[in-house]
Amino acid sequence: MSESFGVASLENKNTWKIIEEELEKPSIFKSRESLSPEYIPDQLPHREKELRELTSYFKHLVTTPGSISQRVLITGRVGTGKTALAKVFGRDFTRLATEKGYKVRYAHVNCHRNRTLYNVIADIGRQLDVPVPSRGLSSKEMYDLILNYLDERDEYAIITLDEFHYFANISGPDAVYFIVRTYDAEELFRRLNFIFIAIDPVKLGFLDPTTEGYLLRHLVKLNPYTSQQLFDILKYRAEDSMYEGSYDDEVLRFIADFEGWDKGGGGNARHALEILHVAGSSAEADGRSRITIEDVRKAIMNTSREILSVSEAIRDSPIHELLILLSIVKLLRKTGRSELKMGEVEEEYNAVCEFYGEVPRRHTQVYEYVMNLSRTGIVQTRSSGKGQRGRSTLITLPYGPLDVLEKYLDELIRKKIQLGL
Ligand SMILES: Nc1ncnc2c1ncn2[C@@H]1O[C@H](COP(=O)(O)OP(=O)(O)O)[C@@H](O)[C@H]1O
Ligand SMILES: [Mg+2]
């Protein structure tokens, strides 16, 4: 067969052979990207009812545009499909509206990245392609610019503010009020409609009662997935991303039963997909073309067991201890080394604090926190022995995987910040 491609003329058969062998190795994934958390699937099995609810809230955009400015709140635990639901809705709704001759735009703002009112509004402007003058604008001016831009073009927009609790917590009640409740001020404001995504309605306590009451009026609540639902989701996503025959129902069922809400799991689709991904990767790394239950067991161990026991230990740790632990995890990942010096951890910690909007603690306090972590067995420390600059403390983590740990810590820290703990 290689003859027909004229390969025989290649001088170096050796390199060809290597590449050919690699290419012919058994493979599990036909598209790894479609298993990544960022990927937006075509369909959302078991979110049909919620998609209908969402659509009914925005129906005015294709019946009586400009009649109201809608505000809807989506809530649910991590991995219940909040982000996916909003994005799929935005994608399909705008497409269908266009077909009907209505101009509806969609923008999805991540409030974890854009934490201030100004950044949120600027991101909305960017996503809607609003030309912005180079001189600095205030939030209000920017907002007006967007409204006028839409008005001139007779367009309407649905804006999703994802991880809204994060924005609300960082930017405070005035910023929230500006976004949530400016609706009744002028007709022009009806150009914008909003979807707010937050992790749980109970944790919206930081809003003033009127704003909260207003938000809760149009609520789409996503329940954690049951085992059967996760099975269907896994099956659908596996068909998309993996070769037929590389997995079977037993494997998917095993994951679904582990993670299903009704079976005592978290009902978290992201976690279920991650287990499948990790299991597939280890089968592939072993040169096998089929995922076994043992792969899944290992993947479950790697993605949760360690994390679960650590999470137990750090659940009630003070926030700065968690920020330090996160700095250690990040730095170990970044450098690929097995041990870190106290000084570099402290440097990373300062950057991490800035990211979360926290004021870093002083050196002696940082040292004390590291020692606490060491005492509770969460990190290991040892003295480097006498070097040129005297003794230094070396820090390491005996477990992993680091990426999962990093994600876990990030979520925990955000939750704590949001609750003011
Ligand atoms: N019903 C579903 N069908 C297919 N994939 C889903 C479904 N629900 C969630 N997912 C996938 O699970 C992962 C987590 O969903 P996501 O929307 O990020 O959850 P949340 O925003 O609630 O934390 C994503 O990869 C998403 O595509
Ligand atoms: Mg999300």
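Return the residue satisfying two criteria in turn: it lies in segment 356-381 and is among the basic types (Lys, Arg) and surrounded by fewer than 12 Cβ atoms within 10 Å (Cβ to Cβ), and of such residues it is modelled with the lowest pLDDT. Going through the qualifying residues, I end up with 375. Scanning segment 105-117 for residues that are more than 16 Å from ligand 1 (Cβ to nearest atom) and open to solvent by less than 10 Å² (accessible area, probe 1.4 Å) yields a total of 1. Within segment 144-173, the only residue that satisfies the criterion of being away from ligand 1 (no atom under 16 Å from the Cβ), buried (at least 20 other Cβ atoms within 10 Å of the Cβ) and aromatic (Phe, Trp, Tyr) is 156.
On inspection, residue 94 qualifies as in contact with a strand residue (DSSP E or B) (Cβ under 9 Å, 6 or more places away or on another chain) and more than 16 Å from ligand 2 (Cβ to nearest atom).
Of all residues in segment 36-50, those being more than 16 Å from ligand 2 (Cβ to nearest atom) and not basic (Lys, Arg) number 5. Can you tell me which residue within segment 48-96, out of those that are at pLDDT below 95, buried (at least 19 other Cβ atoms within 10 Å of the Cβ) and of a type in the set (Gly, Ala, Ser), is nearest to the chain's Cα centre (by Cα)? Restricting to residues being at pLDDT below 95, buried (at least 19 other Cβ atoms within 10 Å of the Cβ) and of a type in the set (Gly, Ala, Ser), the top hit is 79. Considering every residue within segment 4-13, establish whether at least one is outside the structural domain of residue 289 (by TED's automatic domain parsing), at pLDDT 80 or above and not small (Gly, Ala, Ser). There is no residue in segment 4-13 that is outside the structural domain of residue 289 (by TED's automatic domain parsing), at pLDDT 80 or above and not small (Gly, Ala, Ser).
Among the residues of segment 333-344, are any assigned to a loop (DSSP other than H, G, I, E, B), touching a helix residue (DSSP H, G or I) at 6+ places or on another chain (Cβ under 6 Å) and open to solvent by less than 50 Å² (accessible area, probe 1.4 Å)? Looking through segment 333-344, none of the residues is assigned to a loop (DSSP other than H, G, I, E, B), touching a helix residue (DSSP H, G or I) at 6+ places or on another chain (Cβ under 6 Å) and open to solvent by less than 50 Å² (accessible area, probe 1.4 Å). Of all residues in segment 255-287, those being exposed (fewer than 15 other Cβ atoms within 10 Å of the Cβ) and assigned to a loop (DSSP other than H, G, I, E, B) number 3. Taken together, 85, 96 contain a single residue that is touching a Lys or Arg at 6+ places or on another chain (Cβ under 7 Å) and part of a helix (DSSP H, G or I), which is 85.
The values are calculated or read from the model by the stated rules, or taken from the named source; none is laboratory data. Treat the numbers as computed from the prediction; the structure is a model and nothing was measured. Note that we place each Cβ from the backbone using ideal geometry, even for glycine, and neighbour counts take in every protein chain shown. Heavy atoms of the whole protein, side chains included, go into the accessibility calculation; ligands, DNA and RNA do not. Shrake-Rupley method; radii C 1.70, N 1.55, O 1.52, S 1.80 Å.
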